[in-house]
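Take a look at the structure below.
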Amino acid sequence: MRKIFCLSVAYLLFAGGMICRAQANQTTPSTMYLRCGSLIDGKSDTARKDVIVIVEGEHIKQVSAAPAGGNVIDLSGETCLPGLIDTHTHVLLQGDITAADYDEQLLKESPEYRTILATVNLRRALDYGFTGLRDGETEGAGYADVDLRNAIERGVIPGPRMQVATRALDVTGAYPLLGYAPNVPVPHGVQVVDGADEARKAVREQIMYGADWIKVYSDRSYKVRADGVLDDIPTFTLDELRAIVDEAHRERHKVASHAMALNGVHNSVEAGVDSIEHGNYISDADLKTMAARGTYYVPTIFVGEYVAQGRAAEGAPVWVQMLKIHEDTFRRALKANVKIAFGTDAGGFAWTVNTAKEFAYMVKWGMTPMQAIRSATSEAASLLGMQDKVGTIESGKFADIVAVRGDPLADITTLEHVDFVMKGGVVYKRP
């Protein structure tokens, strides 16, 4: 009898728990009203004043000037914007000004430890106002970014919506770790592939294990020519790059190309990649092709300045020379109407640095504040193929909303002080 009684109690406790969980899953979504003093919606040319954003569950129900009722969050002294999106990060890196910084992380830190640090970085990104990001590969940490993305989606850890590029691709002898004795096996920051067939197989493998994007490193070894052009050594052959792009596109995935200089950019554009990352130098002809095809440019300006002096001190003064070349390229890209998406290369610099610093550089180099904001909202969403879900504040989209005290259209550095963050209707930070 005692055994039967215990089993019965256990069953009742189990059943009660199941009922409670079922009831929790069936609760009616709460409705919140955000009272915004000003609203930049990500699509209009001007800001709107005194707007109410009605949030129901995960989504935006309505944007109106109607009086609010019920659960009101008072942001009347703030400017509301769509959640920001960083399209170029490395959450599993903690900064790598020098080769030694990079080597130490791959040689002395386990992938598990690096993943733990990445969870902290993801929370920082949320606090900075970034509710979405595309991570540009794990730098030797395998498929850890897939697990991070999945953990966020399942509610295990807080973080932005993620798209991930897993291991990235490069050729033999072109990507760290390099310089060790031939008899000393060391890890690589990428998946090394040679030849079109091997490259296709790697694309299939990365997609099988969860890659949203395929990332390629298309050039290396930079130098400035006498005519001011930033030259390079291309990594993949054009046939290899075309095979990668063809395989990825065949499987309905996009390709991002790390391409900083003349040949890497040209080969990437010819192969049909979807975005050029960094692009310190892009020829006028390639800019014209990019504009015609809708190829995105993700310039990552701030990181160049952040690493320049340290790398010059290590014997690579070209990184200082790149800064002026990069500015000229950015201005020519604007004039050529190339699509530009916001990206920082965070991880190339320490995550303790607010990634919103990128905005000031974009404005300094010729963008209007509204153009810079759109690069991190509607344009970034379009690059990620998420324009129907995020990037603007309008009915039916996810309630990814941030707010700042002040007017970022008058002072873009205001975006470095986000004090309200909502993602999917959940408030992560408030004034």
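Share of carbon and sulfur in the accessible area of segment 245-349 stands at 48%, probe radius 1.4 Å. In the chain, the DSSP beta bridges split such that about 50 percent are antiparallel, to the nearest 5. Picking from Val120, Gly132, Leu107, whose Cα lies most toward the positive end of the charge dipole for segment 89-181 (charges on Cβ: Lys, Arg +1; Asp, Glu -1)? Checking the options against the dipole of segment 89-181, the answer is Gly132.
Once backbone amide H atoms are built at 1.01 Å from N, Arg161 has Gly132, Leu133 as its partners under 5 Å, excluding neighbours fewer than 5 places away on the same chain.
Placing pseudo-labels 7 Å out from each Cα toward the beta carbon at His417 and Thr31 gives an inter-label distance of 3.5 nm. Comparing Arg250, Arg242, Arg311 in a Gaussian network model of the chain (Cα springs below 10 Å), the most mobile by mean-square fluctuation is Arg250.
Relative to the longest principal axis of the Cα atoms of the chain, helix 196-208 runs at roughly 10 degrees.
When segment 210-307 is described by a simple charge dipole with +1 on each Lys and Arg Cβ and -1 on each Asp and Glu Cβ, the residue from Val216, Ile233, Ala256 located farthest towards its positive end is Ala256. Only helical runs count toward this figure. For the chain, summing -39,500 (n - 2.57) over DSSP H runs of n ≥ 4 and dividing by all residues gives -11500 deg cm²/dmol at 222 nm. Each Lys and Arg Cβ is given +1 and each Asp and Glu Cβ -1; about its Cα centre, the chain then shows a dipole of about 1400 debye. Computed from backbone phi with θ = phi - 60° and the Karplus coefficients 6.51, -1.76 and 1.60, the 3J(HN,Hα) list for segment 292-302 is 5, 8, x, 5, 7, 10, 10, x, 6, 6, 4 Hz; x is used for glycine and proline. The heavy atoms of Thr235 present about 20 square angstrom of accessible area, all protein chains included, probe 1.4 Å. Averaged per residue, the chain has 43 square angstrom of accessible surface, using a 1.4 angstrom probe with ligands and nucleic acids left out.
The candidate values were (i) 205; (ii) 137; (iii) 175; the one computed from these coordinates for volume of the Cα convex hull per residue in Å³ carries the label (iii). Think of each Lys and Arg Cβ as +1 and each Asp and Glu Cβ as -1; about the Cα centre, that makes the dipole of segment 297-431 roughly 140 debye.
The angle separating the long axis of helix 99-108 from the principal Cα axis of greatest extent in the chain is about 50 degrees. Measuring nothing but protein heavy atoms, the accessible surface of segment 60-105 at 1.4 Å probe radius is 50 percent carbon and sulfur. When DSSP beta bridges are restricted to pairs lying wholly in segment 210-345, around 25% turn out antiparallel. Shown is the FRET efficiency for Asn150 and His249, computed with R0 = 25 Å from the Cβ-Cβ distance and rounded to the nearest 0.05: 0.55. Taking 0.36 nm per residue of sequence separation and removing the Cα-Cα distance, the Asp50/Ser283 pair yields an extension gain of 79.4 nm. By a 1.4 Å probe calculation restricted to protein chains, Ser382 has an accessible surface near 40 Å², given to the nearest 10.
Scanning the chain for chymotrypsin sites (Phe, Trp or Tyr not before Pro) in DSSP loops with at most 12 neighbouring Cβ atoms within 10 Å leaves 210-431 as the longest stretch between them. For Glu58, the solvent-accessible surface with a 1.4 Å probe is about 100 Å², rounded to the nearest 10. Using only Cα atoms and rounding to the nearest 10 degrees, what angle (0 to 90) does helix 318-335 make with the longest principal axis of the chain? Taking Cα atoms only, the helix is inclined about 70 degrees.
The values are calculated or read from the model by the stated rules, or taken from the named source; none is laboratory data. All values derive from a computational prediction rather than experimental measurement. FYI the Cβ positions are ideal-geometry reconstructions off the backbone, even for glycines, and counts take in every protein chain you see. Ligands, DNA and RNA are stripped out before the accessible areas are found, and what is left, the full protein with its side chains, is counted by its heavy atoms. Shrake-Rupley method; radii C 1.70, N 1.55, O 1.52, S 1.80 Å.
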